[in-house]
Amino acid sequence: MSGRTKLATVLAISALVAAPTATASAAEPAGPALAKKLSKKVTVEGVNRHLIAFQRIADRNGGTRAALTPGYDASVDYVAGKLRDEGFIVTTPTFSYEINVNDAETARVDGVNYQALIMTASPQTPVGGVTGPLRVVPEDATTGCEASDFAGQDFTGSVALIRRGGCTFEQKHLNAHAAGAIAVLVSNNTAGPLSDVTLTNPGKIPTGGISQADGTTLAGKAGSAVTVDMRFHSETRTERNVIAQTRTGRTNNVVMAGAHLDSVELGAGINDNGTGSAALLETALQLGSRPKVDNAVRFAWWGAEERGLIGSEEWVRSLTFEQQLDIALYLNFDMVGSPNAAYFIYDGDNSDGVGAGPGPFGSAQIEKAFADYFAAKGVPTEGTDFSGRSDYGEFIAQGIPAGGLFTGAEGVKTAAQAAKWGGTAGVAYDPCYHAACDNLGNVDRVALGRNAGAIAFVTAAYGVSTEDVNGVPPRSKRAEARAAAKMSLTAHEDHSHAAVS
């Protein structure tokens, strides 16, 4: 823990010293007056107060705000209470889902059992597990991220041991599967167990997480026979989302913005995703329940995201086609204050050429709205893939345009990124991602403030007009069009009367 504290201090100092200068921060982005006003009213101090609340809620409830815990219930009550006090129309719709209850989670070597926590989306082993020789992937900055990492050893029928970092867990396990492994153990690259992580898509072979210390121990047992036993059964549970909507604006062209409210079980989840939840809450409170908007603004705080994006998926799927059609667009904010922050915008037009492709029509325009805001502030940005790892997924699947912001998770900051954004190259954007140390000390408040301003600005701007996304103009333009049509009709009638007379 002391090493983490020291690292957090270094990152905070680096962010202050090397972050992009604020010389352009006085620049005024082009947009509606409401957007400009709201972006100034949503301050990092206001957002941080909600982060303090989330931390204290976790501290009073076993150190966590995970779904199905008292800490999550208290988080729901806090957010919903603030919104009701401000006059929003607030509901907390429930959803049911299956959870996996672990029956076995071990890796047994030389008669000793090591904890192996099965990853979300991993297949199970048969009863009694699977057994093979332990093969250790050579450790570097991107261990197991390239097929070449598995060259030089015979992984056929083996259990691959791979250190965390450098790429997704899914990529590591796919490379191991391609090399012939029958199971994968990913060891943490920071102190503590590796839990509450996912393969994102259904896995090919059983994959589990082990602690940093156990990973180091097992690396010294390369070639030994290891039996991996990871099994579970399913049980049904019920949880809540929080949905709040303004009392003004069109309800058939709703602007929607969301963030997941739950943490992982290991900690308070202050960056992931207290930052997104807090920035969204402060935006809603400063906007107010009766703003002068053309389009109603709907805010959502999702439950059970850390269990597989369940809250958002179940809510979107519960809507009829007409109810989905009422949603003009969706904005997603998941981790917007990472301590070694990047400034990522979801790549709506696939201009970065990454794997998932573009979002539905309108997503490119959303990306540009955020990019233009940051450009006016003098902050460079990069596109990031719609990887499927956050709550935009079901909206996109239903054809709803989407976008949002992200400051990075377990990925590693490059030298080029450190040069333009500050921070430390070769270190994860969030070294405490899904760890107990994701607390109030795990936030870059410069990045949080910049992202909060962007969230407020773009949300309010779309509240005024979604014309660039779906062709629905603001009220003023509609009034002008009606007036012009009326004048044209009057002129036509006058001309007709004159011709008759």
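The values are calculated or read from the model by the stated rules, or taken from the named source; none is laboratory data. As the structure is a prediction and not an experimental result, all values here were calculated from the model. For neighbour counting, all protein chains shown are included, and Cβ atoms are generated from backbone atoms with ideal geometry for every residue, glycine included.
Structure notes:
- So Gly132, is it surrounded by fewer than 17 Cβ atoms within 10 Å (Cβ to Cβ), touching a residue at least 24 places away in the same chain (Cβ under 8 Å) and not aliphatic (A, V, I, L, M): no
- Only residues that are in contact (Cβ under 8 Å) with a residue 40 or more places away in the chain and buried (at least 20 other Cβ atoms within 10 Å of the Cβ) were counted across the stretch 330-376, and they come to 26.
- Matching option when the condition is on the phi < 0 side of the Ramachandran plot, touching a helix residue (DSSP H, G or I) at 6+ places or on another chain (Cβ under 7 Å), modelled with pLDDT of 95 or more and small (Gly, Ala, Ser), among Ser363, Ser312, Ser318: Ser312
- Of the numbered criteria (1) crowded, with 24+ Cβ neighbours inside 10 Å; (2) touching a Leu at 6+ places or on another chain (Cβ under 9 Å); (3) not hydroxyl-bearing (Ser, Thr, Tyr), the one Lys172 fails is (2).
- Residues of the stretch 449-470 that are within 13 Å of Gly337 (Cβ to Cβ) and surrounded by fewer than 24 Cβ atoms within 10 Å (Cβ to Cβ): Gly449 alone.
- Just one of the listed residues (Ser96, Ser158, Ser122) is among the small types (Gly, Ala, Ser), surrounded by 18 or more Cβ atoms within 10 Å (Cβ to Cβ) and touching a Ser or Thr at 6+ places or on another chain (Cβ under 9 Å), namely Ser122.
- Which numbered condition Asp110 misses (of (1) outside the structural domain of His50 (by TED's automatic domain parsing); (2) touching a Gly at 6+ places or on another chain (Cβ under 8 Å); (3) among the charged types (D, E, K, R)): (2)
- Pick from the stretch 212-240, criterion polar (S, T, N, Q) and touching a Ser or Thr at 6+ places or on another chain (Cβ under 7 Å), ranking: farthest from His173 (Cα to Cα): Thr238
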